[in-house]
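Read through the structure below, which is laid out as structure tokens, and then see the notes.
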Amino acid sequence: MNSAPVRVCIRLLRYLAFIIILILSVAALLIFMNTPKDPTVTNSSKYLDTTLSVDERIEDLLAQMTMAEKIGQMALVEKNSLSDVGDIATYGLGAVLSGAGAKPEDNTVEGWSEMIAGFQTEAKKSRLQIPLLYGVDAVHGHAMIPNATVFPHQIGLGATGDADLVQAIGEATAKDLVTSGVNWNYAPNLDLPIDIRWGRMYEAFSDDPLLTARLGAAYVRGLQATSTTGKIPVLATLKHFTGVGSMQWNSSLNKNYKLDQGVTEADAKLLQSTYLPPFKAAIDAGALSVMIGLHMWGDGKMIANKDIITGELKNNLGFTGFVVSDWYGLYENAGNKFMATVRGINAGVDMVMLPFDYRTFIRHMTWANRLGLISDSRIDDATRRILRAKFTLGLFDGDMTVSPVLAQHRELSRQAVAQSLVLLKNDVKVLPLQPTVSHIRVAGSAADNIGLQSGAWTVEWQGVDGNWLPGATSILDGIKKQVSLNTNVEYSLTGEFITAVKKVPLGIAVVGETPYAEGWGDREYPILSNEDLTAIKNLQASCDNVVVVIVSGRPLLIANEVGSWDTLVAAWLPGTEGIGVADVLFGKKQFMGTLPVPWPASSEQLPMTHTGETADGTPVLFPRYTGLAY
Ligand code: BGC
């Protein structure tokens with residue numbers, strides 16, 4: 001037997017054993033040094049004293065919290081992922097959310113109130129009885145509840161340019177949320193979309209940072225309008241931080257998407273001049289939570305970008321609220337969940353929308369802390385920020401439940417719809433329409449479909465179809481309400497009428513997009529469907545004049561067709577008050593809206609630049625802020 005190789009092997013094995021023992025000893029030492037010396041359980045209830053300042057109350061509570069309790073506060077769990085509702089108290093979870101479409105079985109305001117009160121009761125069973133934040137995406141009103149008022153999606157509010165109106169909508173939304181027990185809204189959206197191919201354009205106000213800043217701040221003031229006690233009713237969330245809307249086509253890491261969750265070029269100049277200012281304005285208006293986008297900033301995930309999250313947002317903009325990650329987003333920044341947690345939390349994420357597996361998160365956080373990979377002070381900072389929001393909401397100050405009654409904001413929303421309409425063409429001065437007109441033919445996919453005119457994030461994530469939302473009016477309903485008793489209003493989805501041989505004075509084509517949310521709405525060519533184009537043609541053949549109303553979440557590619565239309569109105573996604581559209585068509589109200597984004601002439605012009613111009617200098621179909629009047 002050759003003994004030399006055997007000796008070498010034995011020596012190598014010894015080295016290996018030595019290295020392993022060394023690593024284990026260092027880890028054990030680190031764990032020993034970092035095992036939290038949790039506070040002896042004191043029973044100070046100073047933090048419940050409303051005469052003390054928020055800072056004093058935070059420090060009193062923080063000083064009593066164990067490391068496990070602090071880590072629990074950093075977890076945000078989707079309600080359907082709570083494997084045991086008792087876990088809320090066991091782990092001291094900080095927050096629960098209803099992901100879009102995650103409604104209580106009884107999807108009424110009473111059902112919501114009861115469900116959330118149940119979760120809060122669980123939170124009260126924890127040692128320090130820290131109440132929960134409960135979050136939803138009420139991005140155009142509390143639209144998960146079928147009989148709630150659904151306001152126009154943000155792009156329509158951008159078209160109004162009216163900060164007072166947006167503030168009033170924020171306030172109305174807060175009322176509906178509070179009455180159902182929700183204290184946290186994932187709105188407003190401050191993305192700056194420059195590409196109509198993106199499926200989330202309608203969630204934003206505009207591509208203009210100045211308009212977005214003005215309206216975003218107004219929404220925060222409305223949603224967080226302080227009561228006489230100085231408490232805010234609902235926490236706003238500024239999303240999605242930052243540079244979202246500038247992702248490049250085909251860059252999405254999500255294999256189902258093209259643009260959503262894609263790559264934004266890491267442009268330091270644009271960051272300062274364009275992406276940050278809307279966040280600054282809304283933070284100055286009092287926003288206390290900011291959600292980080294699921295996109296990439298250059299070659300790294302934004303969620304792990306310490307320079308921007310901690311450096312720009314927290315240090316430079318002076319944000320004292322908490323940073324929350326988006327849906328599972330924390331885990332997308334590294335190959336494994338443990339390292340992704342370490343990187344994300346150290347970059348400055350304070351609360352994690354897990355949203356599923358909170359037990360693993362808590363285990364990873366505990367080990368990362370014991371190994372010294374996430375410091376005590378980082379966790380204290382995160383907890384402080386979360387508690388600041390909770391104290392500012394008044395969550396510790398007595399029973400928050402109010403009787404669950406949904407207010408009706410129909411008039412406010414109707415007004416918003418009217419103000420959001422943009423008149424783009426009125427060549428033969430067909431508008432305003434005469435209520436006494438003898439005969440009107442109405443056609444198109446969006447004419448009589450409240451689900452469609454409301455868009456996504458209505459009852460379900462991807463929206464709904466049809467006319468079953470109680471109290472709502474379709475655009476056709478609105479038209480019927482505006483005309484004289486003698487007017488004959490005929491409706492056909494396709495624009496085909498039995499009586500079509502005889503021409504009538506007026507046709508109204510209400511055409512548009514079917515609802516979509518997030519990357520499911522990414523489209524290389526956002527165009528009208530063949531069915532809608534045919535409906536327009538059918539009306540043109542059987543009516544003297546035709547008004548085209550487009551119901552869509554973004555400008556569509558219409559350059560080939562628009563020449564044959566005399567009259568064109570952009571109605572965005574108006575929500576449940578279709579009657580607001582008819583108010584303006586029939587001249588009861590004036591056209592006041594202007595395009596919040598430029599309307600491109602062709603797909604070659606995409607993406608646009610951040611000044612509202614095309615990159616190649618070719619003219620768009622309608623520039624930003626176009627809007628005719630009567
Ligand atoms: C979206 C966020 C939303 C969150 C919670 C995510 O998919 O990107 O905008 O707030 O889900 O529903």
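The values are calculated or read from the model by the stated rules, or taken from the named source; none is laboratory data. It should be emphasised that the depicted structure is a prediction, and the values quoted were computed from it without experimental measurement. All Cβ positions, glycine included, derive from the backbone under ideal geometry; neighbour counts span all protein chains shown. All accessible areas refer to the heavy atoms of the entire protein, side chains included, with ligands and DNA or RNA removed. Shrake-Rupley method; radii C 1.70, N 1.55, O 1.52, S 1.80 Å.
Results, tabulated for the structure shown:
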item	result
Among residues of segment 512-542, those that are closer than 25 Å to LEU259 by Cα and of a type outside the set (D, E, K, R), counted	14
Residues that are surrounded by 24 or more Cβ atoms within 10 Å (Cβ to Cβ) and not in a strand (DSSP E or B), drawn from segment 439-450	GLY444, ALA446, ALA447, ASN449, ILE450
Residue within segment 409-423 that is surrounded by fewer than 18 Cβ atoms within 10 Å (Cβ to Cβ), acidic (Asp, Glu) and within 23 Å of HIS140 (Cβ to Cβ) present	yes
Test result for ALA218, part of a helix (DSSP H, G or I), open to solvent by less than 10 Å² (accessible area, probe 1.4 Å) and away from the ligand (no atom under 16 Å from the Cβ)	yes
Residues of segment 71-89 satisfying the condition of being part of a helix (DSSP H, G or I) and crowded, with 24+ Cβ neighbours inside 10 Å	ILE71, GLY72, GLN73, ILE88
Any chance ALA168 is surrounded by fewer than 24 Cβ atoms within 10 Å (Cβ to Cβ) and over 30 Å from PRO607 (Cα atoms)	yes
Residue match in segment 284-295 (condition: over 26 Å from ARG385 (Cβ atoms) and in a loop (DSSP other than H, G, I, E, B))	no
Selected residue (criterion: nearest to the chain's Cα centre (by Cα)) from residues of segment 295-320 that are open to solvent by less than 20 Å² (accessible area, probe 1.4 Å) and within 16 Å of the ligand (Cβ to nearest atom)	HIS295
Residue in segment 381-389 that is in contact with a Phe, Trp or Tyr (Cβ under 8 Å, 6 or more places away or on another chain), at pLDDT 95 or above and among the hydroxyl-bearing types (Ser, Thr, Tyr) present	no
Hits in segment 408-432 (condition: among the aliphatic types (A, V, I, L, M) and not in a helix (DSSP H, G or I))	LEU421, VAL422, LEU423, LEU424, VAL428, VAL430, LEU431
Pair list, Cβ < 8 Å and 6+ apart or interchain, from segment 137-159 residues that are in the same structural domain as SER474 (by TED's automatic domain parsing) to residues that are of a type outside the set (A, V, I, L, M) and within 15 Å of the ligand (Cβ to nearest atom)	none
Residue in segment 456-491 that is farthest from the chain's Cα centre (by Cα), counting only those that are assigned to a loop (DSSP other than H, G, I, E, B) and small (Gly, Ala, Ser)	SER484
Residues within segment 95-110 that are among the β-branched types (Val, Ile, Thr), within 16 Å of the ligand (Cβ to nearest atom) and either more than 19 Å from LEU132 (Cα to Cα) or not assigned by TED's automatic domain parsing to the domain that holds LEU133 (or both), tallied	0
Members of segment 517-540 that are of a type outside the set (Ser, Thr, Tyr) and either within 16 Å of the ligand (Cβ to nearest atom) or not in a helix (DSSP H, G or I) (or both)	ALA517, GLU518, GLY519, TRP520, GLY521, ASP522, ARG523, GLU524, PRO526, ILE527, LEU528
Residues located in segment 369-395, provided they are among the hydroxyl-bearing types (Ser, Thr, Tyr) and either in contact with a helix residue (DSSP H, G or I) (Cβ under 6 Å, 6 or more places away or on another chain) or surrounded by fewer than 18 Cβ atoms within 10 Å (Cβ to Cβ) (or both)	SER375, SER377, THR383
Check on VAL620, closer than 22 Å to GLY478 by Cβ and either out of contact with any Gly (no Cβ under 6 Å at 6 or more places or on another chain) or assigned by TED's automatic domain parsing to the domain that holds ASP208 (or both)	no
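For every residue, the table says whether it meets (1) within 16 Å of the ligand (Cβ to nearest atom); (2) over 29 Å from VAL234 (Cβ atoms); (3) assigned by TED's automatic domain parsing to the domain that holds ILE292; (4) buried (at least 20 other Cβ atoms within 10 Å of the Cβ).
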residue: VAL324; (1), (2), (3), (4): yes, no, yes, yes
residue: TYR328; (1), (2), (3), (4): yes, no, yes, no
residue: ALA334; (1), (2), (3), (4): no, yes, yes, no
residue: PHE338; (1), (2), (3), (4): no, yes, yes, no
residue: TRP367; (1), (2), (3), (4): no, yes, yes, no
residue: ASP397; (1), (2), (3), (4): no, no, no, no
residue: VAL402; (1), (2), (3), (4): no, no, no, no
